[in-house]
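The values are calculated or read from the model by the stated rules, or taken from the named source; none is laboratory data. Only a predicted model underlies this, so the values are computations on that prediction, with no experimental measurement involved. Glycine gets a Cβ as well: all are built from the backbone with ideal geometry, and neighbour counts include every protein chain shown.
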Amino acid sequence: MNPNKRPQPLFTTPKRLFLDLLYISVGCILCAVAINGILIPHQFVTGGITGLAMLIHKFIPSVNAGWIYFFINLPLFSLAWMAVGRRFFFYSIIGAVCLTLSMAYIHIPIVLEDKILDALLAGLLVGAGAGITLKSSGSQGGVDILSIMLLKRFSISIGNTVLCVNITLLLMVTFLYSLDSVLYTLIVLFVSSKIVSLVVTGLSQRKAVFIISSHWEHISKEILKDIRRGVTILEGEGGYTHKKEQILYTVVNFREIGQLKRLIQQIDEDAFVVISDTLEVMNYSIGNQPHW
């Protein structure tokens, strides 16, 4: 660690503070609606610390699942402080408290005729709630803390971590629930993990683009001028013709990919273009590094 590096400020601007608290509140409310309105009434199991709290609540129904969730989270906050940062730590405490209170006091019954629809809706609500909370500077605690740690250390996506941890916990408690409930829960876990990744990543997904064209110089100038993205020129050679080729490499965001494709087609319809997804991009102008 750089000894001269200044500690991360807890609160940047009043606007950022308001948005963080808004994201946390909305996200926790959505999760509480799904837990109290669908998961608990239908005996669906969920994963992570929430699932563990619901499991304990099954045996001790007199204790609210929200308070159980909060107390189980307490040891995890030390990990948030050490592995991520103090801002994430404090905001995660706020998120855990908010989810605890939401689970304790928000009870909106949701009645659908098909249990598959219940599972899909629960997955959408839980995934959207967790994802919206992670758009803030904190989390709801629990598995979210572990997910952020693995994302920052090993670039493992949040959705994959949530799905793996949840399925592991689910397999441990299958003997306590009916097979139907377990299978419906798999739907909840899969949908929620995908929605979390979608909400957190959203339109910030970056695309890496390779372009091989005889009009490479013209295309390069247009990318710099119209899209205002950097271009790297690589030296290449055709495997069959052994002809020297200039390969353009650039990174654009999801919203710019359509504009780039139209630009290339207008200049050279025969251009060879490869577009691939990126996991993370580190750069001050195009990077999509986590904000925690």
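Right, S214: among the small types (G, A, S) and not in a loop (DSSP other than H, G, I, E, B) or not?
no
Which residue out of D144, D180 is assigned to a helix (DSSP H, G or I), out of contact with any His (no Cβ under 6 Å at 6 or more places or on another chain), among the acidic types (D, E) and over 17 Å from S92 (Cβ atoms)?
Result of the check over D144, D180: D180.
Does any residue in region 90-115 that is within 22 Å of Y184 (Cβ to Cβ) and in the same structural domain as Q140 (by TED's automatic domain parsing) come within less than 9 Å, Cβ to Cβ, of a residue that is charged (D, E, K, R) and in a helix (DSSP H, G or I) six or more places away or on a different chain, and which pairs are these?
I110/D118; V111/D118; L112/D118; K115/D180
Here are T278, T201, T185, T241: which of them is in contact with a strand residue (DSSP E or B) (Cβ under 7 Å, 6 or more places away or on another chain) and of a type in the set (S, T, Y)?
T278
Just one of (1) closer than 28 Å to L101 by Cβ; (2) in a loop (DSSP other than H, G, I, E, B) trips up I156, so point out which.
It fails just one condition, (1).
Of all residues in region 183-211, which are in a helix (DSSP H, G or I), within 30 Å of A271 (Cβ to Cβ) and out of contact with any helix residue (DSSP H, G or I) (no Cβ under 6 Å at 6 or more places or on another chain)?
The answer is T201, G202, S204.
So is L39 in the same structural domain as S25 (by TED's automatic domain parsing), of a type outside the set (G, A, S) and either modelled with pLDDT of 80 or more or surrounded by fewer than 17 Cβ atoms within 10 Å (Cβ to Cβ) (or both) or not?
In short, yes.
Residue by residue through region 159-177, note down the ones that are of a type in the set (A, V, I, L, M, F, W, C) and in a helix (DSSP H, G or I).
V162, L163, C164, V165, I167, L169, L170, L171, M172, F175, L176 - these are the residues of region 159-177 that are of a type in the set (A, V, I, L, M, F, W, C) and in a helix (DSSP H, G or I).
From the list T133, T100, which residue is touching a helix residue (DSSP H, G or I) at 6+ places or on another chain (Cβ under 9 Å), among the polar types (S, T, N, Q) and at pLDDT 90 or above?
T133
Run down T161, T174 and say which single residue is without any contact (Cβ under 8 Å) to a residue 40 or more places away in the chain and within 14 Å of the chain's Cα centre (by Cα).
T161
Looking at region 234-252, which of its residues are hydroxyl-bearing (S, T, Y) and assigned to a strand (DSSP E or B)?
Of everything in region 234-252, those that are hydroxyl-bearing (S, T, Y) and assigned to a strand (DSSP E or B) turn out to be Y249, T250.
Of the residues A32, A53, which is touching a Leu at 6+ places or on another chain (Cβ under 7 Å) and either buried (at least 21 other Cβ atoms within 10 Å of the Cβ) or not assigned by TED's automatic domain parsing to the domain that holds Q140 (or both)?
A32
Which one of these is crowded, with 23+ Cβ neighbours inside 10 Å and either touching an Asp or Glu at 6+ places or on another chain (Cβ under 7 Å) or more than 16 Å from I49 (Cα to Cα) (or both): L151, L183, L134, L176?
Selected residue: L134, the only one of L151, L183, L134, L176 that is crowded, with 23+ Cβ neighbours inside 10 Å and either touching an Asp or Glu at 6+ places or on another chain (Cβ under 7 Å) or more than 16 Å from I49 (Cα to Cα) (or both).
Output the number of residues of region 134-158 satisfying the condition of being over 10 Å from the mean Cα position of the chain (by Cα) and touching a residue at least 24 places away in the same chain (Cβ under 8 Å).
14
Would you mind finding the one in S102, S62, S92 that is farther than 16 Å from I148 by Cβ and buried (at least 17 other Cβ atoms within 10 Å of the Cβ)?
From the options S102, S62, S92, the qualifying one is S102.
Considering each of G138, G159, G142 in turn, give the residue that is in contact with a Ser or Thr (Cβ under 8 Å, 6 or more places away or on another chain) and at pLDDT 80 or above.
G138
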